[in-house]
Amino acid sequence: MQVMNVVEKLITDGKLTKEEYVELLKYADDREITEFLAGEAVKIRKQYYGDKVFTRGLIEFTNYCKNNCYYCGIRRDNRNARRYRLTKEDILECCESGYELGFRTFVLQGGEDPYYTDERMVEIIRAIKERYPDCALTLSVGEKSYESYRLFREAGADRYLLRHETASEEHYALLHPAEMSLRNRKQCLYYLKELGYQTGAGFMVGSPGQTPESIAEDLIFLKELELQMVGIGPFIPHHETPFAQEKAGTLEMTLFLLSVIRIILPKVLLPATTALGTIHPRGREMGICAGANVVMPNLSPVRVRKQYELYDNKICTGDEAAECRMCLEKRISSVGYRLVCERGDAKN
Ligand code: SAH
């Protein structure tokens, strides 16, 4: 297989077979191929979104979690995590300061915390949507029943982020204890789509046991699902997890995959993640130049920031929301893009 044939096919068809993706992935650190793909990706995102970079205010409202994912710093068995929960009032305060700073999307993310029953979630969702009807509300609270997703949607939630983590059964079992299943995670994504959420999936780059084949399956899965959002970022080890000694994912592979995802899903909303900014000081800017068009600064109260520690050395845990916003604005304009204050809905 000639790599240039594969690249051309990717661009004309917007998809490849598993074998072709595997071939393409061999070139993730080839400068010429990477730059070519990034150029294509940037062309495509400009066509749909111009020079706009959308911003989402991330509110990490609980770090309690009933799950025990091997990679995650807030897993149930981490006895050294200092746990916290935000009240509805705390959350509304985050939204208020965010709104003043120009945020028009709020993302409520947390561990799977049974304290937030459907009733409590609905109350929080309603309160936010009542006060900020012009804002989009995204949830990222893991696997729930169809009925819970339906209640949240009726209460006003617009979008849902649920990374599938890996589309390979074998790989999924390396990352999660036996009580969790890829089948259920996928089922949740189908429910979310059916309920009319703008839906996002995604995966970590370089997680232990990831192979070119599993990445190829991830890309095929993302394309099949016709998602509005995709979240990818490098895996970064956390010292209190079974993966403490594992290697982090690389900048090169993450940037490469951002470009490929932009090419296969031209209208996707694709963040340059905090994890990418953690492995390289200019990671997020580089992500934008590879095809990403979203950033998700933190709006959580500074007093709890450090405790939402999914991985080691997470950046931006000490800054007030206003500082984060200004810092990002500078970073984005340094690479020729514009941070905008809009809901930033997907165009598909
Ligand atoms: N409980 C929610 C939110 C999880 S946190 C849910 O299940 O969807 C959001 C994402 O952070 C996860 O989906 C995972 O892909 C990522 N993440 C977790 N641990 C990480 C680590 N050590 N390095 C990089 N990303 C990580």
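The values are calculated or read from the model by the stated rules, or taken from the named source; none is laboratory data. Quantities reported herein were computed from a predicted structural model and do not represent experimental measurements. Every residue, glycine among them, receives a Cβ derived from its backbone with ideal geometry; neighbour counts consider all protein chains shown. The accessibility values were calculated without ligands, DNA or RNA, using every heavy atom of the protein model including side chains. Shrake-Rupley method; radii C 1.70, N 1.55, O 1.52, S 1.80 Å.
I need the shape label for the stretch 20-111. Rule: rounded when a/c is under 1.5, else prolate if a/b > b/c, else oblate, with a, b, c from the alpha carbon gyration tensor. Oblate.
Between the stretch 261-315 and the stretch 119-145, the C-alpha centres lie 22 angstrom from each other. By the compact-protein rule of thumb, 2.2 N^0.38 Å, the alpha-carbon radius of gyration of the chain corresponds to a ratio of 0.93. DSSP bridge analysis restricted to the chain gives an antiparallel fraction near 5%, rounded to the nearest 5.
Note on the stretch 52-190: percent of Cα-Cα distances in each 10 Å bin, starting at 0 and stopping at the bin with the largest distance, equals 11, 40, 34, 14, 1.
Using just the C-alpha positions of the stretch 156-269 as equal point scatterers, what log10 of I(q)/I(0) does the Debye formula give at each q in 0.10, 0.14, 0.16 1/Å? One equal scatterer on each Cα of the stretch 156-269 leads to -0.29, -0.58, -0.75. Highest average first, the peptides 282-288, 182-188, 137-143 ordered by how many other beta carbon atoms sit within 10 Å of their residues are 282-288, 137-143, 182-188.
Largest accessible area first, the residues K267, K15, K330 order themselves as K330, K15, K267 under a 1.4 Å probe with ligands, DNA and RNA left out.
Solvent exposure of the stretch 1-86 amounts to 51 Å² per residue of accessible area, where only protein heavy atoms count and the probe is 1.4 Å. Taking 4.7 Å between beta carbons as the limit, the unpaired Cys residues of the chain are C65, C94, C95, C135, C188, C289, C316, C324, C327, C341. Pairs of Cα atoms in the stretch 229-310 fall into 5 Å distance bins, from 0 up to the last occupied one, in shares of 3, 15, 23, 20, 18, 13, 6, 1, 0 percent. For the cross-link pairs K66/K88; K43/K306; K186/K347; K144/K330; K43/K129; K88/K330, which exceed 27 Å when the distance is taken from alpha carbon to alpha carbon? Check vs 27 Å cut-off fails for K43/K306; K144/K330; K43/K129; K88/K330. Which shape class applies to the stretch 254-348: rounded if a/c is under 1.5, otherwise prolate when a/b exceeds b/c and oblate if not, where a ≥ b ≥ c are the square roots of the Cα gyration tensor eigenvalues? The shape class here is prolate.
Computed from Cα atoms, the angle from the helix 146-155 axis to the main principal axis of the chain rounds to 70 degrees. With distances taken between every two different alpha-carbon atoms, the stretch 157-199 has a Kirkwood hydrodynamic radius of 11.1 Å.
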